[in-house]
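Here is the structure we will look at, set down as structure tokens.
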Amino acid sequence: MSSDQPTELKTHQPPAALVAAARVSGMAAYHALVAEAEADHEAYWGRLAREFVSWKTPFTQVLDSSQAPFFKWFADGTLNVSHNCLDRNIERGLGEKTALIFEADDGAVTKVSYRELLAKVCQFANALKARGVKKGDRVVIYMSMSVEGVAAMQACARIGAIHSVVFGGFSAQSVRDRVQDAGAVMVITADEQLRGGKQLPLKAIVDEAIALGGCETLKNLIVYQRTGGKINWHPERDRWLHEELAGQPSTCEPEWVEAEHPLFLLYTSGSTGKPKGVQHSTGGYLLHAALTTAWTFDLKPDDVFWCTADIGWVTGHSYITYGPLALGGTEIVFEGVPTYPAADRFWKTIEKHKVSIFYTAPTAIRSLIKAAEGNAAVHPKNSDLSSLRILGSVGEPINPAAWEWYHANVGGGRCPIVDTFWQTETGGHVITPLPGATPMVPGSCTLPFPGITAAIVDETGADVPNGSGGILVIKKPWPSMIRTIWGDPERFKKSYYPAELKGYYLAGDGAIRDKDTGYFTITGRIDDVLNVSGHRMGTMEIESALVSCTELVAEAAVVGRPDDTTGEAICAFVVLKRSRPTGEEAKQIATQLRNWVAKEIGPIAKPKDIRFGDNLPKTRSGKIMRRLLRSIAKGEAITQDTSTLENPAILDQLTQAN
Ligand code: WT7
């Protein structure tokens, strides 16, 4: 579906009224920005850094490439992100403006003004300081969507502590690994989270993570009381957030940090078994979060912005915690799930809060299309969505059919859709339409954001002509790029700046540019990374989780296959230590292994298909032939050359083992 060629599809023009009023108005304005950046990359970014960011000490040098690929941006400038997001807006007269509209799982609404949010963040920051957290310390945040979650991140930024948010769906083992790798001194969590009317544990998982051992750096655990559910308490270590905040002053002088001071780490999956801590900067990151919120979403003072991502992902960082607040916007923080109390929750929430900009993932759209097809009552036509003016998509390719449905049924045919391509590592959008400029082609993320030198090259780094696919790279550094992998600069260089690519940033995706328009279409990852419901999963990570079930598993190989709803689905081929199970027994062991993976990584990593074999298809040198496994997983006939296979008979066995 997503491989449909853009040229065969209908082009959608942005509506004239939107173009006229847009921050980047029309393609001539887009091209002028691209030309400005091409003429002088540093002058362009320097200008925007002065316009979009408030500096305590102005920078004198825009880019320092002397240690490339460890680029430094605005290095001698100092600033504070929380000051940019809060104090600065109050100074501009926005103190009473609503910053956050918290829409709880049960529909309860809490509005927080900029003044209130600043007070809360300052109290939180003072509480962290009172527990000894200092500039440069790492703080793990394991919370669900809440005002407190956003405030925790902002409070870290205020005192120069480096946050590392761990998505609330990750397992104890994953929490432990991240606390350990980051050397975190504190974990901030909640007693429980509420999702779809269910109470799910958070604190208990942190307890379990700590019990696994290896978290010696950890001194304190702060617990936000969300549900009041029963939890175990360790008085020497655990603190209630409300008790920590009580009596703390509601002002706190920001810690002015250098632009390159790390703002956060965010762990993401790569080609090896171990997730990597992507390190982002303060100045360059904030610039791009703010700039893309302004240009890609055209955020204006009266907008109500809603990004449905979780703060556990980079989308929640850039487009909930930082970008919209840096611009003084009003945004929704949504605790719940799209299907509770019914599969019209998104539409009802847009109607309720008069949301004007809505940003979600293709998986959510596809599952809501299915829901609306099955039950007319939850169709978006039953909600008043007239407040919407711009729609966005993120995380995975959006197939043209889902694009058209979203455009017609949610956007009423009048809202541009920005299909934003980016990554945890890029910090913000890198290829995307601008809603008041770019003609849109469903399934294509269109053109590079002005100043981002995205290109398609071959394995030697040479440009390929439009129309032929290749490797997606970004040729020049940009302010919000990943700075390093925490604790592993060599891995950073190897993963993103391989020697053969002439100093270009390697995104890890394949892409193709349209012959006529030059529009980009992402063709999928070129490494061992899967994208399941917009969540990034390393095949090696899942394999290591499976083989760590040493009682049962001898060997495992994981591949992806296309899935109509989740984009890709995880398929595991497993060799057990005992004989190959069939029938009911195979089903039962598969369930057991799925639960094992959920426990090791998190439920999002559960394989959809598990097939058992006596062996795996290997070359004579012992290499697993994943190409063949991918064909089997897809259910397609094997046309590849299998002559190098040591054990060709295994293919029939695995094909039948379903
Ligand atoms: C990978 C990055 C972007 C923030 C959330 C995911 C895929 C992302 C698109 C898009 C096609 C996309 C890529 C990318 N991806 N957006 N609009 N069209 N593919 O961040 O977890 O770091 O994953 O998501 O494969 O490399 P992430």
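The values are calculated or read from the model by the stated rules, or taken from the named source; none is laboratory data. Predicted model, so just to flag it, every value in this text is computed and none were measured. Here Cβ is always computed from backbone atoms with ideal geometry, including for glycine, and neighbour counts include all displayed protein chains. These area figures cover heavy atoms from the full protein model, side chains too; ligands, DNA and RNA do not enter into them. Shrake-Rupley method; radii C 1.70, N 1.55, O 1.52, S 1.80 Å.
Points to keep in mind about this one:
- Computed over the stretch 23-160, the Cα gyration tensor eigenvalues convert (square root of 5λ each) into semi-axes of 32, 22, 15 Å, ordered from largest to smallest.
- Assigned charges on the beta-carbon of Lys, Arg, Asp, Glu; the stretch 533-655 dipole about Cα centre (debye): 160 debye
- ³J(HN,Hα) computed for each position of the stretch 10-25 - Karplus, 6.51 cos²θ - 1.76 cosθ + 1.60, integer Hz, glycine/proline x: 5, 8, 10, 7, x, x, 4, 5, 5, 4, 4, 9, 6, 5, 10, 9
- Residue-by-residue Karplus 3J(HN,Hα) for the stretch 365-371, coefficients 6.51, -1.76, 1.60, Hz, glycine and proline x: 4, 4, 6, 6, 4, 4, 4
- Length, then width, then depth: along the principal axes, the Cα atoms of the stretch 533-655 run 38, 33, 27 Å.
- Taking the 1.4 Å solvent-accessible surface of the stretch 533-655 as the whole, the part contributed by carbon and sulfur is 50%.
- Loop GluC sites (Glu not before Pro), the stretch 36-108, which have at most 15 other Cβ atoms in a 10 Å radius of their Cβ (DSSP): E96
- The separation of the stretch 414-491 from the stretch 348-370, counted between C-alpha centres, amounts to 25 Å.
- Inter-part distance where the stretch 60-97 and the stretch 507-523 are each reduced to a Cα centre, Å: 32 Å
- Helix-only arithmetic for the chain: the sum of -39500 (n - 2.57) across DSSP H runs with n ≥ 4, divided by the residue total, places the mean residue ellipticity at 222 nm at -8500 deg cm²/dmol.
- Across the alpha-carbon set of the stretch 75-152, the Rg to Rh ratio works out to 1.01, Rh being the Kirkwood radius.
- Distance between the stretch 230-295 and the stretch 592-640 - C-alpha centres, whole angstrom: 36 Å
- Ordering 394-406, 330-342, 624-636 by mean Cβ neighbour count within 10 Å, with the highest value first, yields 394-406, 330-342, 624-636.
- The stretch 533-595: trypsin sites (Lys or Arg not before Pro) in DSSP coil with no more than 14 other Cβ atoms inside 10 Å: K577, R578
- Qualifying trypsin sites (Lys or Arg not before Pro) in the stretch 34-79, DSSP loop, other Cβ atoms within 10 Å at most 14: K56
- Around the Cα centre of the chain, unit charges on the Cβ atoms of Lys, Arg, Asp and Glu (plus for the first two, minus for the last two) sum to a dipole of about 540 debye.
- Rounded to whole Å, the principal axis extents of the Cα atoms in the chain read 73, 65, 59, largest first.
- Backbone amide hydrogens, once placed in the peptide plane, bring K606 within less than 5 Å of nothing, excluding anything fewer than 5 places away on its chain.
- Solvent exposure of the stretch 89-199, expressed per residue, is 29 Å² of accessible area, with all protein chains present and a 1.4 angstrom probe.
- Each residue of the stretch 141-155 is assigned a 3J(HN,Hα), and the resulting list reads 10, 10, 9, 8, 5, 6, 4, 5, x, 5, 5, 4, 5, 5, 5 Hz, derived from the Karplus form 6.51 cos²θ - 1.76 cosθ + 1.60 (θ = phi - 60°), x at Gly and Pro.
- Space enclosed by the convex hull of the alpha-carbon atoms of the stretch 357-462, per residue, Å³: 117 Å³
- Within the stretch 168-241, the proportion of C-alpha pairs whose separation exceeds 19 Å stands at 29%.
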